[in-house]
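Reading through the structure tokens given below for one structure.
The values are calculated or read from the model by the stated rules, or taken from the named source; none is laboratory data. Here the structure is a predicted model, which means the values were calculated and not measured. Virtual Cβ from ideal backbone geometry, glycine too; neighbours counted across all protein chains shown. Protein only, heavy atoms only, side chains kept; ligands, DNA and RNA dropped before computing areas. Shrake-Rupley method; radii C 1.70, N 1.55, O 1.52, S 1.80 Å.
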Amino acid sequence: MAAFSATHCRSYSYSHSSSINGGQNQRFSFSSFSRLSVPAKAIRNSHQTVVLMQDVATKVTPVEKETPKEKLKDELLSVTSTKEWDEKAGFDSNENESTVSITVVGASGDLAKKKIFPALFALYYEDCLPKHFTIYGYARSKMTDAELRNMVSKTLTCRIDKRENCSEKMDQFLKRCFYHSGQYDSEENFAQLDKKLKRHEGGRVSNRLFYLSIPPNIFVEAVKCASSSASSGNGWTRVIVEKPFGRDSESSAVLTKSLKQYLTEDQIFRIDHYLGKELVENLSVLRFANLIFEPLWTRQYIRNVQIIFSEDFGTEGRGGYFDNYGIIRDIMQNHLLQILALFAMETPVSLDAEDIRNEKVKVLRSMRPLRLEDVVIGQYKSHSKGGVTYPSYTDDKTVPKDSLTPTFAAAALFIDNARWDGVPFLMKAGKALHNKGAEIRVQFRHVPGNLYNRNFGTDLDRATNELVIRVQPDEAIFLKINNKVPGLGMRLDRSNLNLHYAARYSKEIPDAYERLLLDAIEGERRLFIRSDELDAAWALFTPVLKELEEKKIIPESYPYGSRGPVGAHYLAARYNVRWGDLDIEQ
């Protein structure tokens, strides 16, 4: 999480569009958020939802005897009137001001505890949240406000600079956190939540964000109940939905249709947290703000593009969820394909969200249908190393012993347009591999008539320039160039022009959820996925996914901790490509 000051919460030079009154757009800047005024007429339901899959309910342990400090922290529990709450929270009741109520549905799950609440606190720590805000946890677990605060406090951390006011900011943040227990499909329970929200909103213009950190099979019901019983009466209501958005084109279309019974497209924020990562955000800056790259971003100069994702651990207890989706749905169809679209798109008319998403859709629609022969799948098996035995995928007790779900996949994709015709885009993703990371590798063509070919011998790939954008971990951008080794002879080597973020910037990089939550609050949709974009992505992968399942293709085994199945290397070699992450220099 980067220690960026409040003035750096948003520095876009263009205004943002917010869906108000169920679809009307009003331009505003975030700095004036607390002064935003909206007509007090009745407004139709508008929502934005965030859905995360790991809604692992946790057992809540009773809070031990409170210290005086903790007692003070929970003093707001006894407040019954709006006026009293305002006085204790430091709010001024003013119907011309606005307030934001953020409801984390599924607040007792791992995702909420480990990512959502810490991201919200980080935004508060940096003064990026509006003056008036309230956070509510909503889940089926029985819990008091004090117990929620105790649970949340264990996951909060301050910025790396360890400012002296850290504990004070935590106390202030926790005073804004409350809890309401209820069923996800109960309109009555959401109506009770609505009453509590109104009490905290104190007559101000009410803006509401619902983050659904619950399994996908129940969030439509939750959206329905929130829409009918807990939506804002005079401001906006937004809903954030996270991948996977269905399992194929058909289920995705059903999901979209179901959501649009209660929401407009402008109210739905489909979140892919990879789009919030710093180096992915920097992709368009690197390309469109630097003259040296844009002219080279074509088939004339680029030989291939590789998008690589790897994890050095297996499913370990999450196999039950993962086995229903597999690595292609879990990583490739969303995270990696979104990166590809951002990388390959044409220059947008502006930085407006719709202009950027229009260009991404054009890329996806230009892509050649994925063929089964251009896909390799694998599944990790048990392996012993250094006296330690690592389990196979099917050793996971939550996974069927005869499961054919791939834990690794590699694919060759092509974009049939004037810029990228014939350039292979190779992507691979896998679990239980030799390292953890995500990167984009751009391998340029060989220098025609290179005078120094003899210095590289027969391996011309050693003379190839390569641009590497390391998304995680240890974020960096480096360009591999050929260089003369100092001395009297003519000896060449390949060196890196390296922008290592940790060395260049002293500030910590913000978590992706911070950026995306702030975008959702502001109404900035640049990094969220539009419905036609989602349709185009599923249209690319659905046929091959169905073929894999119908033909019961057996995945190639690879040892836990290895570089993946051998078939991935044959796939790359078919297009005269060598995976860049296998380079001995790396």
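Please compare each pair in Lys243/Lys362; Lys114/Lys175; Lys115/Lys175; Lys114/Lys507; Lys115/Lys277; Lys142/Lys257 to a cut-off of 24 Å on the Cα-Cα distance and tell me which ones are over it. Before the final figure, lay out each step's value.
On the way: Lys243/Lys362 21 Å; Lys114/Lys175 19 Å; Lys115/Lys175 19 Å; Lys114/Lys507 22 Å; Lys115/Lys277 14 Å; Lys142/Lys257 33 Å.
The pairs that break the limit, which is 24 Å between Cα atoms, are Lys142/Lys257.
Would you give the gap between the C-alpha center of segment 101-150 and the C-alpha center of segment 385-406, rounded to a whole Å?
Each part reduced to its Cα centre gives a spacing of 35 Å.
Charges at C-beta only: +1 for Lys and Arg, -1 for Asp and Glu. How large is the resulting dipole of segment 98-242 about its Cα centre, in Debye rounded to 20? Display every interim value, and only then the final one.
On the way: 22 positive and 16 negative charges, 47 e Å.
That gives segment 98-242 a dipole magnitude of about 220 debye.
Applying 1/(1 + (r/R0)^6) with R0 = 30 Å to the Cβ-Cβ distance of Ala503 and Ile481, what FRET efficiency is obtained, to the nearest 0.05? Working shown, then result.
Working: r = 19 Å, r/R0 = 0.63.
With a Förster radius of 30 Å, E is 0.95.
What number comes out for accessible area per residue over segment 98-242 if the probe is 1.4 Å? Units Å², please. Could you put the intermediate results ahead of the total?
Numbers: 4470 Å² over 145 residues.
Solvent-accessible surface per residue comes out at 31 Å².
Considering the options Gln183, Ser227, Leu123, tell which one lies farthest towards the positive end of the dipole of segment 98-242, charges being +1 on Lys and Arg and -1 on Asp and Glu at the Cβ, about the Cα centre.
In segment 98-242, that residue is Leu123.
How large is the Kirkwood hydrodynamic radius of segment 98-242, counting all unique pairs of alpha carbons, in Å? Please report the intermediate quantities before stating the final value.
On the way: mean 1/r = 0.0651 Å⁻¹.
So the Kirkwood estimate lands at 15.4 Å.
Could you tell me, in Å, what Rg and Dmax come out for the Cα atoms of segment 442-580?
21.7, 64
Given a 1.4 Å probe, how much area per residue of segment 383-527 is accessible, in Å²? Numbers along the way, then the final one.
On the way: 6710 Å² over 145 residues.
For segment 383-527, the solvent-accessible area averages 46 Å² per residue.
Which FRET efficiency value, to the nearest 0.05, do you get for Ala573 and Glu547 by plugging their Cβ-Cβ distance into 1/(1 + (r/R0)^6) with R0 = 25 Å?
For Ala573 and Glu547, the calculated efficiency is 0.60.
Quick one: with all protein chains in place, what share of the accessible area of segment 206-332 is carbon or sulfur, to the nearest percent (1.4 Å probe)?
Details: 2180 of 3930 Å².
Carbon and sulfur atoms account for 55 percent of the accessible area of segment 206-332.
Round to the nearest 10 and report in Å² the accessible area of Tyr560, as given by a 1.4 Å probe over the protein chains' heavy atoms.
20 Å²
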